[in-house]
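Shown next, in structure tokens, is the structure this report addresses.
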Amino acid sequence: MKQLQHMILMLCCLMLSPLTAWADDDPNTIVFQETFANNPNKGGRDGNFNEGSSKPNFDNAGWTGDNSTKIYGAHECIRFGTGDTNGVMTTPEISLGGASYAVLTFSAAGWADTKTTVINTLTITANTGFELSGDNVISELEKKVWNDYTVLIKVTDANATLQLTFTGKRGFLDDVVVRKITTIPTPSLPDDFLFFPNTTEEKASKHVMLSPVNYTVAYYTTDGSTPSSTNGTEALQTTGVPIHGTTTVKAIAYVGDMVSEVVTRTYTQGNTVNGISAFCDLADGTEARIFLADDASHETRVLYYDETRHQLFVRENTKSLCVDFGNMTTFSPTPQYNQHIGGWIVGKKATDNGLPKLIATDNTSTAFLAIADPVTEKQTAPVEIAASELSSYPADWVTVKEQRVGTDLAVIDRFGTGAYDGALTDLSGIVIPDGSTQQIAPITQNSIPGVVYVLDESQEFTSPTTDIDNATVRLKRTLSKDYWNTFAVPFEISGANVFDANIREFDSVEGNTMVFKAASKIEAGVPYLIKPSEDIVNPTYSNVTLSYQPAKGIVRGDYRFVATYVPKELATDKTELFLTTDGKLGYPTSASEATLKGMRAYIQAPASANVALFVDGEGTITGIEEIDNSQLTIDNVYNLNGQRVTQPRKGLFIVNGKKLIIH
């Protein structure tokens, strides 16, 4: 009796919230089913709730009820009753085959007329030998809305044959099904799963949903004991079962003295690790919660967020991690470089070709992470390492210098900042291993370029296949303030990049003298003479266009001033000259001294020529004898046009038949 009282209470509660009929895979047998599908007229299932007056038709013979008892055919359903008179209809006899319990399910809706105050009602009764509970008395049908209802039938006379009578006003009836109960369905519990409480506190809990079948009474336990009607907690409807830590939930269902099997599920609380290093030490495939403490010993900062792949790269002191969100919703707003991250997040440890990852799972949420800008802390910067150390810095932001792309190091254009094959570079980016191959994906942030092209005077230079705009270039050579330097680079130097220096370009030839005039900028590929005001050592140039065009040579008659980006073997036959550091023109006399370093220029001239250089505003560079103007005989001084000069100033002149520079 106690179980039946619980069952009646449960079903009365369920009347407040209409129930869905049994699923097709219900283990209990249908012994009677009426669809009323043979009623083709208006009303009810066609959405019209104020029509339906035809003769009723039934799937099953033996129904009592017609227009005389206020039972009418509607659209694939039955309308019963009028405004002041009940409609009455009774099923054929239904055999329950010796079952102790049965269940009736049906759908009903209320008439739509709002002009009267008559309440739409429906009552179900049974003949002697049966007791009904649950939705057998519906005091008010919802107007214009179909709802599903359940009535439990207890057999009190095993020899009786069931008949059900429907009595009601101003309503519609459909889908009448009777099943005999031979098996009590077990309550529904989610499959075993790993879970994480919503905080790190021990008292935190989670809930799993227990759902008993609507005509049963369920009991559950969380202490490992077997539930029963006298042991455990009663679940009348879908119930959230609290679990604390790893918990085994057991549940059982009753109908009267009939009982289901016990369903058992174990929910395991996942492990929490402190910090990125501890997470990376986990075995691949382990789901865990990582706690990121925002303090001096475990300061976690954002290195880079890849919006395309929903991947966040973070560094905790000296250890980094890729947090891979996949297609799940991520941060809002988007995390930014250098921000702090604290709190915790759940994910599965993975190593993707050497890249340590936290892979998002169903338990992953960013709701428990806090993100904030630094206040007084230093900005996060790339770690400068040797290329041989890359394998020790997966997922980290590093800088490696003077690496030739495709030869010394694999570079991937993962974040839209790439470098061409063969280029000598300084690289700043995220280390993205690919198995045994260590590769770097350049990133540009905090004014640190991802790619710096290095032009080394002692190494080969590989030109790009097309111009590269907004490039950063580091020139690895020294320009001395003490003498004229030959100079040639594959990019223009102008505007803010122009250094404080005298710049001269090859303009013309006077006899054997190559004349250089002043210039205001450096054009890509063109050779120049440069004397800076201060020594320039390994300068860096930003936002330049690295040209794919080869180095150029300027030709004036039999003389050429030729640029070279790479070390050049000069001829030893006096046809290729270079500028020495003591301000002289020289030529190699043997192969051992014939190499000119790159990013320079040399002179090609006839072997027999006594070559001299006239540098505008500065004087001569040659084998031309240099004398002071106080030593000159004024009467014998001529300019290069053959005009006699009585008061020569600085410049190139003909004195006693010889070319001299006066300074």
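Need one number: nm distance between label points at D157 and D191, each 7 Å from Cα along Cα→Cβ, rounded to one decimal.
With each label point 7 Å from Cα toward Cβ, the separation is 5.0 nm.
In whole Å, what are the extents of the range 249-308 along the principal axes defined by its C-alpha atoms, from largest to smallest?
64, 31, 22
How large is the charge dipole for the range 383-514, taken about the Cα centre, if only the Cβ atoms of Lys, Arg (+1) and Asp, Glu (-1) carry charge, to the nearest 20 debye?
On the way: 8 positive and 20 negative charges, 47 e Å.
Rounded to the nearest 20 debye, it is 220 debye.
If amide H atoms are built 1.01 Å from N in the plane of the peptide, which residues on other chains or at least 5 residues away come under 5 Å of the amide H of T513?
Residues meeting the criterion, in which the H sits 1.01 Å from N, are A612.
Along the charge dipole of the chain, which of V566, T376, I412 sits closest to the positive end, that is, farthest toward it, with unit charges on the beta carbon of Lys, Arg, Asp and Glu (+1, +1, -1, -1)?
The one lying farthest along the dipole's positive direction is V566.
Using every Cα-Cα pair within the range 499-542, state what percent have a distance larger than 15 Å. Kindly include the intermediate steps, with their values, before the conclusion.
Numbers: 491 of 946 pairs.
Taking all Cα-Cα pairs of the range 499-542, the fraction more than 15 Å apart is 52 percent.
Given only helices, namely DSSP H runs of n ≥ 4 each adding -39500 (n - 2.57), what is the per-residue ellipticity at 222 nm of the chain, to the nearest 500 deg cm²/dmol? Don't skip to the answer; put the middle values down first.
Details: 2 runs with 18 residues, N = 663.
Per the formula, -1000 deg cm²/dmol.
Show S139, S133 ordered by accessible area, largest first, where the area counts protein heavy atoms only and the probe is 1.4 Å. Can you show the working numbers first?
Numbers: S139 85, S133 10 Å².
Putting S139, S133 in descending order of accessible area: S139, S133.
Which value results for Rg/Rh of the range 66-186 when Rg is the Cα radius of gyration and Rh the Kirkwood radius based on the inverse mean 1/r? Could the numbers behind the result be given before it?
Details: Rg = 14.9 Å, Rh = 14.9 Å.
Over the Cα atoms of the range 66-186, Rg/Rh equals 1.00.
Give me the dipole magnitude in Debye, nearest 20, for the range 56-119 about the Cα centre, with unit charges on the beta carbon: positive for Lys and Arg, negative for Asp and Glu. Let's see the in-between values first.
Numbers: 3 positive and 6 negative charges, 32 e Å.
Dipole of the range 56-119, to the nearest 20 debye: 160 debye.
To the nearest 10 square angstrom, how much accessible area does W63 have with a 1.4 angstrom probe?
W63 exposes around 30 Å² with every protein chain in place.
Tabulate in residue order the Karplus-calculated ³J(HN,Hα) for the range 305-321, using 6.51 cos²θ - 1.76 cosθ + 1.60 with θ = phi - 60°, rounded to whole Hz; enter x for Gly and Pro.
For the range 305-321, the Karplus curve yields 10, 8, 5, 5, 9, 6, 10, 10, 9, 10, 10, 10, 6, 10, 10, 10, 8 Hz.
Mind listing which trypsin sites (Lys or Arg not before Pro) in the range 187-288 are in a DSSP loop and have 13 or fewer other Cβ atoms within 10 Å? Write down the numbers at each step before the final one.
Values: sites: K203, K206, K250, R265; in loops: K203.
Answer in residue order: K203.
Would you mind listing how long the range 108-244 runs along its three principal axes, going by Cα atoms, in whole Å with the largest first?
59, 46, 22
In nm, give the distance between the simple-model label positions of T581 and D362, each being 7 Å from the Cα along the Cα-to-Cβ direction.
Calculated label separation equals 7.3 nm.
Eigenvalues of the Cα gyration tensor times 5, then square-rooted: what semi-axes does that give for the range 502-608, in whole angstrom, largest first?
Details: eigenvalues 107, 60, 42 Å².
Working from the Cα gyration tensor, I get semi-axes of 23, 17, 14 Å.
Given the pairs K55/K154; K250/K348; K476/K574; K521/K552, which are separated by over 25 angstrom at their Cα positions? Walk me through the numbers on the way to the answer.
Working: K55/K154 33 Å; K250/K348 28 Å; K476/K574 29 Å; K521/K552 16 Å.
Going by Cα-Cα distance, K55/K154; K250/K348; K476/K574 fall outside the 25 Å limit.
Name the aspartates and glutamates eligible as straight-distance cross-link partners of K349: C-alpha to C-alpha under 12 Å, and not fewer than 8 places from it in the same chain.
Hits, sequence-local ones excluded: D281, D284, E287, D324.
With θ taken as phi - 60° and the coefficients 6.51, -1.76 and 1.60, list the Karplus ³J(HN,Hα) couplings across the range 373-384 in order, rounded to whole Hz; mark glycine and proline as x.
Coupling constants for the range 373-384: 6, x, 9, 10, 5, 5, 6, 5, 9, x, 8, 7 Hz.
Please calculate how many Å² of accessible area the chain carries per residue, with a 1.4 Å probe and no DNA, RNA or ligand atoms counted. Please report the intermediate quantities before stating the final value.
Working: 30140 Å² over 663 residues.
The answer is 45 Å² per residue.
How long is the gain from S480 to D573 if the chain were fully straight, where each residue apart is worth 0.36 nm and the alpha carbon distance is subtracted?
On the way: separation 93, 0.36 × 93 = 33.48 nm, distance 2.83 nm.
Result for the pair: 30.6 nm of gain on full extension.
Amide H to amide H under 5 Å from D352: which residues, 5+ apart in sequence or cross-chain, H placed 1.01 Å off N in plane?
Amide H to amide H, under 5 Å and 5 or more residues apart or across chains, D352 pairs with K357.
Any aspartates and glutamates with Cα under 12 Å of the K584 Cα? List them, leaving off those in the same chain fewer than 8 positions away.
By straight Cα distance, K584 reaches E625, E626.
For the range 292-440, which whole percent of the accessible surface, found with a 1.4 angstrom probe, sits on carbon and sulfur atoms?
On the way: 2820 of 6530 Å².
Of the solvent-accessible surface of the range 292-440, carbon and sulfur hold 43 percent.
Percent of accessible area on the range 80-201 owned by carbon and sulfur, 1.4 Å probe? Write out the running numbers ahead of the final one.
Numbers: 2140 of 4890 Å².
Accessible surface attributable to carbon and sulfur in the range 80-201 totals 44 percent.
For an R0 of 51 angstrom, estimate the FRET efficiency from the Cβ-Cβ distance between Q336 and A594 and round to the nearest 0.05. Could you put the intermediate results ahead of the total?
Values: r = 55 Å, r/R0 = 1.07.
That gives a FRET efficiency of 0.40.
Which percentage, to the nearest 5, of the DSSP beta bridges contained in the range 293-412 is antiparallel? Spell out each step's value before the answer.
Numbers: 22 of 28 bridges.
Around 80 percent antiparallel, to the nearest 5.
Given the chain, what percent of its DSSP beta bridges are antiparallel, to the nearest 5?
Values: 160 of 186 bridges.
About 85 percent, rounded to the nearest 5.
Of [x] 1.80; [y] 1.08; [z] 0.97, which one was derived for Cα Rg over 2.2 N^0.38 Å from the structure shown?
Recomputing Cα Rg over 2.2 N^0.38 Å here picks out [x].
Tell me, which longest segment in the chain has none of the GluC sites (Glu not before Pro) that fall in DSSP loops with at most 12 further Cβ atoms within 10 Å? Kindly include the intermediate steps, with their values, before the conclusion.
Values: sites that count: E93, E140, E201, E202, E261, E307, E377, E460, E534, E625.
Answer - 1-92.
Can you give the angle from 0 to 90° between the axis of helix 2-14 and the longest principal axis of the chain, with both taken from C-alpha atoms, to the nearest 10?
60 degrees
Over the Cα atoms of the range 403-513, Rg to Rh with Kirkwood Rh, two decimal places? Before the final figure, lay out each step's value.
Numbers: Rg = 17.8 Å, Rh = 16.5 Å.
Here Rg/Rh amounts to 1.08.
Test of understanding: extend the Cα→C-beta vector of T226 to 7 Å, then name every residue of the range 257-290 with backbone N under 16 Å from that spot.
Counting only backbone N, you get 258-265.
Take every Cα pair under 8 Å in the chain that's 6+ residues apart, average their separations, divide by the length, and report that relative contact order as a whole percent.
On the way: 1722 pairs, mean separation 45.0, N = 663.
Averaging sequence separation for qualifying contacts and normalising by length gives 7 percent for the chain.
For the range 570-587, in order, what is each residue's ³J(HN,Hα) by Karplus, 6.51 cos²θ - 1.76 cosθ + 1.60 with θ = phi - 60°, in whole Hz (x at glycine and Pro)?
7, 5, 9, 9, 6, 8, 10, 10, 9, 9, 8, 6, 9, x, 10, 8, x, 9
So, in nm, how far is label D535 from label T286 when the simple model puts each one 7 Å beyond its Cα toward the Cβ?
5.5 nm
Amide H to amide H, which residues 5 or more places from T272 or on other chains are under 5 Å from it, using H placed in the peptide plane?
Correct list: R289.
Mind computing the radius of gyration and Dmax over the alpha-carbon atoms of the range 366-429? Å is fine for both.
Radius of gyration, then largest Cα-Cα span, for the range 366-429: 15.2, 46 Å.
The values are calculated or read from the model by the stated rules, or taken from the named source; none is laboratory data. Note that this is a predicted model, so its numbers are computed, not measured. A quick note on method: Cβ atoms are made from the backbone with ideal geometry, for glycine too, and the neighbour counts reach across all protein chains shown. In case anyone asks, the SASA skips ligands and DNA or RNA and just uses the protein heavy atoms, side chains included. Shrake-Rupley method; radii C 1.70, N 1.55, O 1.52, S 1.80 Å.
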